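Asks: This is the structure I want to talk about, given as structure tokens.
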Amino acid sequence: MEKDFDRWNKLKKAINGHDEKERVYFHEGDIWWVRLGVNVGYEIDGKHKQFARPVIVLKKYNQYSFLALPLSTATRVNRWRVAIGDVAGKEAVAVLSQLRNLDSLRLYQKIDHIDADLLARIKKTASRMNFG
């Protein structure tokens, strides 16, 4: 299937044009729908009309940016995927190989919050896999 970069670029321009007052308040460990967009090659894409995908806010830097850990419902577990359980009625995995920094303007609907123990386990695994 061909990627729709043109439609994504129109939406991305609209997101970038949002007023600063439209920023949402978020915390580490939150799970949000994020407009992730259409990306290059094997980089994980958003889906559907909003080019969205759920992510875990792994690290909040400030009110403007955070380290996002994309989620997938393709639940095959390997060393780069951590099972996190039910998210919005579907089993999900965190895709450690797709960590990326995002602007909080991309956040648009909070889904849930993971418990502190699971967040700590994911952070430890992500650190070991990406920097160890």
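Asks: Select from the range 95-110 the residues that are surrounded by fewer than 17 Cβ atoms within 10 Å (Cβ to Cβ) and either under 22 Å from residue 38 (Cβ atoms) or of a type in the set (A, V, I, L, M) (or both) and list them in ascending order.
Replies: Taking the range 95-110 as the starting set, the residues that turn out to be surrounded by fewer than 17 Cβ atoms within 10 Å (Cβ to Cβ) are 97, 100-101, 103, 108-110.
Answer for the range 95-110, where residues must be surrounded by fewer than 17 Cβ atoms within 10 Å (Cβ to Cβ) and either under 22 Å from residue 38 (Cβ atoms) or of a type in the set (A, V, I, L, M) (or both): 97, 100, 101, 103, 108, 109.
Asks: Next up: How many residues are open to solvent by 20 Å² or more (accessible area, probe 1.4 Å), over 14 Å from residue 108 (Cα atoms) and in contact with a Leu (Cβ under 7 Å, 6 or more places away or on another chain) when one looks only at the range 54-64?
Replies: Residues that pass the stated criteria total 1.
Asks: Within the range 24-83, work out how many residues are more than 15 Å from residue 119 (Cβ to Cβ), among the β-branched types (Val, Ile, Thr) and touching a strand residue (DSSP E or B) at 6+ places or on another chain (Cβ under 7 Å).
Replies: Going through the range 24-83 one residue at a time, the tally reaches 6.
Asks: Another question, then. What is the one condition in (1) under 15 Å from the mean Cα position of the chain (by Cα); (2) open to solvent by 40 Å² or more (accessible area, probe 1.4 Å) that residue 76 does not satisfy?
Replies: All conditions are met except number (1).
Asks: Considering the range 119-132 alone, what residues qualify as being surrounded by fewer than 16 Cβ atoms within 10 Å (Cβ to Cβ) and either touching a residue at least 12 places away in the same chain (Cβ under 8 Å) or not hydrophobic (A, V, I, L, M, F, W, C) (or both)?
Replies: Step one: of the range 119-132, the residues surrounded by fewer than 16 Cβ atoms within 10 Å (Cβ to Cβ) are 120-121, 124, 127-132.
Scanning the range 119-132 gives 121, 124, 127, 128, 129, 130, 132.
Every residue, every condition in (1) small (Gly, Ala, Ser); (2) open to solvent by 20 Å² or more (accessible area, probe 1.4 Å); (3) over 21 Å from residue 35 (Cα atoms), yes or no:
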| site | (1), (2), (3) |
| --- | --- |
| 82 | no, no, yes |
| 90 | no, yes, no |
| 93 | no, no, no |
| 112 | no, yes, no |
| 117 | no, yes, yes |
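Asks: Shifting gears a bit: Of the conditions (1) closer than 26 Å to residue 131 by Cα; (2) out of contact with any helix residue (DSSP H, G or I) (no Cβ under 8 Å at 6 or more places or on another chain); (3) open to solvent by less than 60 Å² (accessible area, probe 1.4 Å); (4) not hydroxyl-bearing (Ser, Thr, Tyr), residue 69 satisfies every one except a single condition; which number is it?
Replies: (2)
Asks: I would also like to ask the following. Let me confirm something: among 61, 42, which residue is modelled with pLDDT under 90, within 25 Å of residue 125 (Cα to Cα) and out of contact with any Phe, Trp or Tyr (no Cβ under 9 Å at 6 or more places or on another chain)?
Replies: On the way: 61 fails: modelled with pLDDT under 90.
None of the others qualify; the one that does is 42.
Asks: Limited to the range 42-53, what total is found for residues that are open to solvent by 20 Å² or more (accessible area, probe 1.4 Å) and either among the basic types (Lys, Arg) or in contact with a helix residue (DSSP H, G or I) (Cβ under 6 Å, 6 or more places away or on another chain) (or both)?
Replies: Result for the range 42-53: 4.
The values are calculated or read from the model by the stated rules, or taken from the named source; none is laboratory data. A quick note: this is a predicted structure, and the numbers were derived from the prediction, not measured. So basically every Cβ, Gly included, is an ideal-geometry build from the backbone, and we count neighbours across all protein chains shown. Note: areas computed on protein heavy atoms with side chains; ligands, DNA, RNA excluded. Shrake-Rupley method; radii C 1.70, N 1.55, O 1.52, S 1.80 Å.
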